[in-house]
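First up is the structure itself, then whatever we jot down about it.
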Amino acid sequence: MKRRFSRQREDSSSSCEGLTDAFKRVKPTSDDAGEPQSNWARVPQEILLHIFQYLPLLDRAFASQVCRGWNQAFHMPELWRCFEFELNQPATSYLKATHPDLIKQIIKRHSNHLQYVSFKVDSSTESAEAACDILSQLVNCSLKTLGLISTARPSFMELPKSHFISALTVVFVNSKSLSSLKIDDTPVDDPSLKVLVANNSDTLKLLKMSSCPHVSPAGILCVADQCHGLRELALNYHLLSDELLLALSSEKHVHLEHLRIDVVSENPGQQFHTIKKSSWDAMVRHSPKFNLVMYFFLYEEEFGPFFRDEIPVTHLYFGRSVSKEVLGRVGMNCPRLVELVVCANGLRPLDEELIRIAERCQQLSAIGLGECEVSCSAFVEFVKMCGRRLSQLSIMEEVLIPDHKYSLDEIHWEVSKHLGRVWFPDMMPTW
């Protein structure tokens, strides 16, 4: 720890010394009275670059009007490699927006400097259209990362699919070196993914595309077959297949580090397919340390196909009510579980289910419970079995039911003793 702080002080000291040396080169001028004056116009470019990197974009724009030297610093390529376009309609959004004149200037002078780009759009179709217009003009850029983020409802989905695909294809064709692509809630389709693969298969490492209804299992399989460097993947459950897992487990594919699956019910009573245990086993053999994150937003009657066999899930989130039976299957068939969040369960105590999870899930280190019931005695036993490996324990106060052994006033002392740190129930959800 001391060595680390020492290195930080040395790095900070050397940085300051470099800036000091640069400032020494700025020689003061004299006014008529013979007193020296600082000539800010002669501040070295490396100093201005260092300062401008810490300024908000609007302040940088104002500073660029001071003099010619500062205006040149404003346009240095290093300042434009990473940029976030904020596209919001003033009439419907309180969020700030990137000024249209600045956008024109960026397209004209800095499109070839952009490398790490994201678009934040509000719920209006106009903002999504503006993002597509900008994308379609990035013909001279070579992006490394691209993120399309809807801050409210997914406005990209309201665009004509052909318009969106045309704009996105411009980036796919011209970049050639995309490593990270986040396009959740967009009308991307299979043909556009083929264009992505044809031009960026050697560099793509992260792909997040949850809630993309126009992509088929065959489309995502094409990505897995060709992009052997893929390390992170996020998609909806309907795109997950045995063939996809086997493709990600092939010898020529690198070890996947993170796989996120969103299991979402569009209509009550929706039917879900089953993934074979052998496919999950192949995935674990190939990438033994990969994280499998699953978000469930299902109705109770839709859990039939899940957790019947062992599944290598590590992070598990239930956004809707989940039954005691399903949680019992989780305890039996999720030995790699690290984190569990149950937002709701009902009025039947989960004592047996929690104890089973503590027994079988030896790597569990974080748990969150809300709108369910657990007796104080069972909860203390659960904590005692898990011990100090529970780094995060977020339990709503109303979850705990006093019994003959512990009251609510007593339980925090007993839990704190087994955790090795002070613990209290939560008043508000923290997950």
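The values are calculated or read from the model by the stated rules, or taken from the named source; none is laboratory data. This one's a predicted model, so the numbers in the text were calculated from it and none came from an experiment. Here the Cβ positions follow ideal geometry from the backbone for every residue, glycine too, while neighbour counts run over all protein chains shown. When the accessible area is computed, the model is the full protein with side chains, heavy atoms only, and any ligands, DNA or RNA have been set aside. Shrake-Rupley method; radii C 1.70, N 1.55, O 1.52, S 1.80 Å.
Figures for the structure shown
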read-out	value
Residues of the stretch 202-224 classified as farther than 19 Å from Phe156 by Cα and open to solvent by 30 Å² or more (accessible area, probe 1.4 Å), total	7
Tally of residues being open to solvent by 60 Å² or more (accessible area, probe 1.4 Å) and closer than 15 Å to Pro217 by Cβ across the stretch 246-275	3
Filtered residues of the stretch 194-253 (kept if in contact with a Ser or Thr (Cβ under 9 Å, 6 or more places away or on another chain) and either among the aromatic types (Phe, Trp, Tyr) or at positive phi (or both))	Ser211
Glu410 being assigned to a helix (DSSP H, G or I), more than 22 Å from Asn345 (Cβ to Cβ) and either of a type in the set (Asp, Glu) or assigned by the TED database to the domain that holds Gly319 (or both)	yes
Residue ID - nearest to Leu159 (Cα to Cα), chosen from residues in the stretch 175-200 that are open to solvent by 30 Å² or more (accessible area, probe 1.4 Å) and assigned to a loop (DSSP other than H, G, I, E, B)	Asp185
Qualifying positions in the stretch 319-335 - part of a loop (DSSP other than H, G, I, E, B) and buried (at least 20 other Cβ atoms within 10 Å of the Cβ)	Val322, Cys334
Top-ranked residue in the stretch 388-430 [being in contact (Cβ under 8 Å) with a residue 12 or more places away in the chain and small (Gly, Ala, Ser); ranked as surrounded by the most Cβ atoms within 10 Å (Cβ to Cβ)]	Ser394
Residue within the stretch 363-373 that is of a type in the set (D, E, K, R), surrounded by 14 or more Cβ atoms within 10 Å (Cβ to Cβ), over 25 Å from the mean Cα position of the chain (by Cα) and assigned to a loop (DSSP other than H, G, I, E, B) present	yes
